[in-house]
Amino acid sequence: MKPRTPTAHLALMLAAQAEEASAGYLKLIYEGGVFQDAVPMSGERLMRGERGYTLAPNAYGGEWSLVLGTGADLLTNKVHLTYLSSSQTLSQSGPTIGKLMARLSSGAAKSCFNLSAERLPALKSWVETSVRSGAKDDVNFERRFGPLRVQVLTSRSDAQADVDVLLWRGGPAGNAGA
C-alpha cells in the first residue's frame, strides 16, 4: 500500500470542502422557492474538476444550470450560472430573470467565496442591472468586488437567448472581509 503524500491528502481535503460548499450553495438555492432539485450534469459536458447541475423545475420559460469549478489552491474558484430561453422570453422576462440571477449570484458570492456582507448589495444590484440590459442587447460586462470578479454575458439570436453569470476569484477562499 502506497502512503498518502501531502499533495494527495490536500487534494482529497479540498474536494471534500468543495462538496460541502456545493451542498451549502444548493441548499441556499432551494430556499428561494423557485428550484426544488438539482440534477447532476453528465461528465461529458464538464471540464475536469467541475461539478454541474441542471436546476429543476425550469423556471420563467427557460432552462437553468449551475457549474462549480475547483482548483488545487482554491475551495471553489468558479461559479457559472446559465439561463437559456427564447429571445422573446428573455425580452419579456428580463427584469424577473435579472432579479433571480442577482439573488443566485449574491448567494454564491457569500457561500462559495465568503464575500463580505458590505459588498453584497452592490454585487446584487450590478448583476440585476446587467442582466436587464442583456434582455435587450448582447452584453459582456465585467466588474470586481474586492478579489471577486463577476462577468455577465448575454447572447441573443433570432430564436435563442443565453444569459451567463460567472463568478471567480484569485487567492485562497474564505478570507473574511474579501
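The values are calculated or read from the model by the stated rules, or taken from the named source; none is laboratory data. All figures in this text were calculated on a predicted structure; none of them were measured in a lab. Backbone-built Cβ (ideal geometry, glycine too); neighbour counts: all protein chains shown. Protein only, heavy atoms only, side chains kept; ligands, DNA and RNA dropped before computing areas. Shrake-Rupley method; radii C 1.70, N 1.55, O 1.52, S 1.80 Å.
Heavy-atom accessible surface of S130, to the nearest 10 Å², is about 10 Å², with a 1.4 Å probe and all protein chains retained.
Phi-derived couplings, Karplus 6.51 cos²θ - 1.76 cosθ + 1.60 at θ = phi - 60°, listed residue by residue for segment 105-114: 5, 5, x, 5, 4, 6, 7, 9, 10, 6 Hz, with x used for Gly and Pro.
Using a cut-off of 22 Å between Cα atoms, the listed pairs K27/K99; K27/K136; K78/K124 include K27/K136 as exceeding that distance. Looking at segment 116-163, the GluC sites (Glu not before Pro) that sit in a DSSP loop and have at most 10 other Cβ atoms within 10 Å of their own Cβ are E118.
Subtract the Cα-Cα distance of V34 and D138 from 0.36 nm times their separation in residues, and report this length gain in nm to one decimal.
Full extension of this stretch gives 34.9 nm more.
Please sort by residue number the trypsin sites (Lys or Arg not before Pro) in segment 133-163 whose DSSP state is loop and whose Cβ has at most 13 other Cβ atoms within 10 Å.
Numbers: sites: K136, R143, R144, R149, R156; in loops: K136.
Hits after loop and neighbour filter: K136.
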